[in-house]
Amino acid sequence: MHRRGGLARLRLEEHPDPVAGPGEVLIDVAASGVNFADVAVRLGLYASAREYVGWPITPGFEVAGTVGALGAEVRDLAVGDPVIAVTRFGGYASHLVVDRAQVFRKPEALSFEQAAAIPAVYLTAWYALYELAHPRAGQRVLVHSAAGGVGGALVQMAKRSGCEVVAVVGRSEKVAVAHRLGADHVIDKSSDRLWRSAERIAPAGYDVILDANGVATLRASYNHLRRPGKLVVYGFHSMLPKRGGRPSYAKLAVDYLRTPRFSPLDMTDASRSVLAFNLSYLFAERALLHAAMRDIFDWLATGTLVPPPLATYPLADVARAHADIESGTTVGKLVLVP
Ligand SMILES: NC(=O)c1ccc[n+]([C@@H]2O[C@H](COP(=O)([O-])OP(=O)(O)OC[C@H]3O[C@@H](n4cnc5c(N)ncnc54)[C@H](OP(=O)(O)O)[C@@H]3O)[C@@H](O)[C@H]2O)c1
């Protein structure tokens with residue numbers, strides 16, 4: 001993409017293959033994960049994309065494939081090894097160079113498509129739950145957008161921690177998906193009154209609420225915490241349009257102004273915390289990244305976590321993948337195959 005904008009900005013281009021420098025790995029990509037954040041990158045609304053790359057930019061936070069070449073000093077991998085990698089952008093490509101620290105051996109049981117769907121959403125869920133929220137067994141956790149990529153990972157991980165999980169979804173066909181992932185209760189906000197149902201299930205409120213809707217639900221999420229309780233904020237997708245591929249700048253401005261500002265005085269009095277983070281800044285935190293991936297691989301190996309449901313698109317159809325994830329109708333993950 002050479003400029004921010006609509007779906008037509010996504011163009012497949014030929015460039016010379018990148019070359020692995022010292023400490024780096026060239027990956028022949030077999031599959032690339034698509035994330036809702038890539039839409040924000042395309043629209044020029046993603047802060048770390050502006051900070052680290054600017055324009056032009058190739059989106060994409062994650063790939064799976066085989067090692068194509070090794071830079072000097074990389075001795076613990078071999079050409080041809082199947083791997084997974086996280087990357088701060090550039091993942092929608094047939095070849096990608098990344099630092100060795102961002103490369104992980106692919107578990108044999110995962111296909112390349114499944115492997116490319118794992119890192120971004122499971123790392124996001126891991127960080128939200130195990131670095132920030134720390135839910136205890138028996139606590140009540142409410143997950144918004146629970147049939148999506150991150151939401152589905154949150155449901156599974158909160159269940160593995162022994163929590164009672166209330167999943168919120170926006171379409172009736174997602175109800176069964178959330179139940180299959182392990183949710184104890186599913187609220188379909190397209191037909192149920194979201195907060196009335198949430199109050200019926202947890203009259204005293206929730207120990208943890210995970211919210212990437214932004215302005216549409218943030219204030220109500222905060223108000224539905226127990227005392228003590230934690231709200232983890234990790235996205236703002238309700239600011240964006242579901243069709244057309246372009247934001248309304250008037251809506252963005254109004255939503256920005258309407259986004260709640262939480263007062264430390266009130267949070268202290270109410271014993272409610274608001275926590276927030278952006279995964280793309282964590283890829284450089286090697287110890288944390290490796291601890292998280294180790295847990296995720298262990299839990300996948302034991303069946304405590306399962307890979308998300310997948311929809312696969314040819315890389316050349318990336319605009320269709322963006323249109324689909326923007327529409328809010330997808331479940332699980334979308335994957336591009338070059
Ligand atoms: N902070 C971080 O580091 C981080 C990392 C990864 C992802 N995220 C954020 O987490 C959220 C989920 O990401 P994902 O990749 O897993 O996507 P996803 O959940 O697979 O898809 C987005 C979901 O959000 C809901 N949604 C609500 N309002 C929407 C709107 N106006 N447009 C489109 N969808 C809307 C839809 O589900 P329902 O209608 O069922 O609610 C939709 O399926 C995104 O906001 C993303 O930016 C943040």
Exactly one of Pro22, Pro16, Pro59 is part of a loop (DSSP other than H, G, I, E, B) and touching a Leu at 6+ places or on another chain (Cβ under 9 Å), and that residue is Pro59
Filtering the range 209-253 for residues that are of a type in the set (A, V, I, L, M, F, W, C), within 10 Å of the ligand (Cβ to nearest atom) and open to solvent by less than 80 Å² (accessible area, probe 1.4 Å) leaves a count of 7
All-but-one check, Gly148 against (1) out of contact with any strand residue (DSSP E or B) (no Cβ under 8 Å at 6 or more places or on another chain); (2) closer than 16 Å to Leu289 by Cβ; (3) within 16 Å of the ligand (Cβ to nearest atom); (4) among the small types (Gly, Ala, Ser), failing number (2)
Log entry, pairs with first residue in the range 268-292 being over 22 Å from Ala40 (Cβ atoms), second being aliphatic (A, V, I, L, M) and open to solvent by 30 Å² or more (accessible area, probe 1.4 Å), beta carbons closer than 7 Å, six or more apart or on different chains, reads Ser273/Met267
Among residues of the range 152-184 being among the charged types (D, E, K, R) and closer than 19 Å to Ala204 by Cβ, the residue most open to solvent (accessible area, probe 1.4 Å) is Asp184
*asked:* Checking the structure you have, find out if any residue of the range 185-208 is open to solvent by less than 20 Å² (accessible area, probe 1.4 Å), in a strand (DSSP E or B), within 20 Å of His134 (Cα to Cα) and of a type in the set (A, V, I, L, M, F, W, C).
replied: yes
Over the range 1-16, the set of residues open to solvent by less than 90 Å² (accessible area, probe 1.4 Å) and over 24 Å from the mean Cα position of the chain (by Cα) is Glu13
Apart from one, (1) more than 15 Å from the ligand (Cβ to nearest atom); (2) open to solvent by 30 Å² or more (accessible area, probe 1.4 Å) all hold for Thr329; the odd one out is (1)
Does Pro260 satisfy being open to solvent by 10 Å² or more (accessible area, probe 1.4 Å), in contact with a Leu (Cβ under 9 Å, 6 or more places away or on another chain), over 19 Å from His322 (Cβ atoms) and in a loop (DSSP other than H, G, I, E, B)? yes
Within the range 18-50, of all residues that are among the charged types (D, E, K, R) and modelled with pLDDT of 95 or more, the one farthest from Pro241 (Cα to Cα) is Glu24
Of the residues in the range 116-151 that are closer than 17 Å to Glu164 by Cα and open to solvent by 20 Å² or more (accessible area, probe 1.4 Å), the one that is nearest to the chain's Cα centre (by Cα) is Ser145
Flagged pairs (Cβ under 9 angstrom, 6 or more apart or on separate chains; first in the range 304-331, in contact (Cβ under 8 Å) with a residue 12 or more places away in the chain and over 30 Å from Ser161 (Cα atoms); second within 11 Å of the ligand (Cβ to nearest atom) and of a type in the set (Lys, Arg)) are Ala323/Arg243; Glu326/Lys242; Glu326/Arg243; Ser327/Lys242; Ser327/Arg243
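The values are calculated or read from the model by the stated rules, or taken from the named source; none is laboratory data. Fair warning: this is a prediction, and the values are worked out from it, not measured in the lab. Neighbour counts are summed over all protein chains in view; Cβ atoms, including those assigned to glycine, are modelled from backbone coordinates with ideal geometry. Accessible surface is based on the protein model in full, side chains and every heavy atom, while ligands, DNA and RNA are left aside. Shrake-Rupley method; radii C 1.70, N 1.55, O 1.52, S 1.80 Å.
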